[in-house]
Amino acid sequence: MKRGTTLKHRTETSLTLERKMVTHHDVLTWDLDRCVGCQIGPKVCPKEAISHIDGVVENGRMVTKLLVDVDPDKCIFCGMCVEMCPMRAITLTLNDEPYNPVIEYETFPKLMKSTRFNKDAFDFSLKDFVIENCSANVISYDAEQDTMKVDQERCIRCRQCEVASNGAFEVQQPWQGTVLLRRELCVEGCLACADVCPTRALHIDEHGQLVHADYFCIKCGACMQICPIKAEWEEYDIHFESQGVIYTRTHRRMTNADELPVLVERWRVRHTPVESAAWLEALAKLADDKASQVEIDRKRAVHRKDLILALQGGKSHVKDQE
């Protein structure tokens, strides 16, 4: 292999880019089992190296999942996709150690996200119910310490544990926004958005009906990618200032939002302070313009019966509590 050349390896479960140099050995890896082919990676990539691989929908159901592909000639191993991936499906290492250049050199913020567990507030008879409803399989019971453990690096902040635990888990999501489902606009019989949704924000209930529980949405946008009614776009220029320099970039905006059965909007993101053109440009690609920004009332939502019913085994759980 020529030094500095980026090699691409793909298997059924992983996609890897590898670049070897004299002092650097960079490895960028996608876990394709976790990847849902969402909007965020392709949108945030500054070199347009990441592209979608369309899923296959037959008779209204997804038979082949959405994925992504990466152009090894374009990828610069910047690490933006790693930090922004909502599924925590991407890892980047330098000489076999975790490393992210945009975080290391403070050209990109760290997203503010967390999953906290209050042991004193938890009814441990619910531990199996909570574990069953962890969409990322990152919550476990530590018998020795008699507590619940969370793999923070792989947690996707779906908030199902919040609802399942009656608030003993407290989750902070990085993105704020909405997901709208307008069933009257759906293609008749199509349930593909529920098939692709990683968090049960969109799911199929016991009656075979599409159910919307937006509190669980992580704003990945995979539902819009699989929907047969596609978004349409137009280009426009944006102007922004970073450290005294005015930048102009061409971006795209949606022109048919009112016609889409499912619409994911990102208003803003919680993050550590940073001032850089790279971050401002990425944010302009990812966030939607909103005249007003409505906060989610978590205290109300955590105790909503319909959210508990949206969980796996939720109906039985509600009956047990009555």
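Using only alpha carbons, build the gyration tensor for the chain and give me the equivalent ellipsoid semi-axes, biggest first, whole Å.
Over the Cα atoms of the chain, the semi-axes work out to 33, 25, 21 Å.
Between region 218-272 and region 39-58, how many Å separate their Cα centres?
14
Residue 134's amide H: which non-local residues (gap 5+, or another chain) put their own amide H closer than 5 Å, with H modeled 1.01 Å from N in plane and none for Pro or chain starts?
none
Relative contact order of region 6-104: what whole-number percent is it, with Cα pairs under 8 angstrom and at least 6 residues apart?
The value is 28 percent.
Indicate the gyration tensor shape class of region 6-104 (rounded, prolate or oblate), computed on the Cα atoms with a ≥ b ≥ c the square roots of the eigenvalues: a/c under 1.5 is rounded; otherwise a/b larger than b/c is prolate and the rest oblate.
prolate
Measure nothing fancy, just the Cα-based angle from helix 277-286's long axis to the longest principal axis of the chain, in degrees from 0 to 90, nearest 10.
Its long axis makes an angle of about 40 degrees.
For the ranges 18-30, 139-151, what's the packing order if you count other beta-carbon atoms within 10 Å of each residue, average per peptide, and put the highest first?
18-30, 139-151
Which three extents, in whole angstrom, do the alpha-carbon atoms of region 176-286 cover along their principal axes, largest first?
Result, largest extent first: 58, 30, 16 Å.
Readers should treat all values here as calculations from the given coordinates under stated rules, not as data from a laboratory. Quick caveat: nothing in here was measured; it's all calculated off a predicted structure. Every residue, glycine among them, receives a Cβ derived from its backbone with ideal geometry; neighbour counts consider all protein chains shown.
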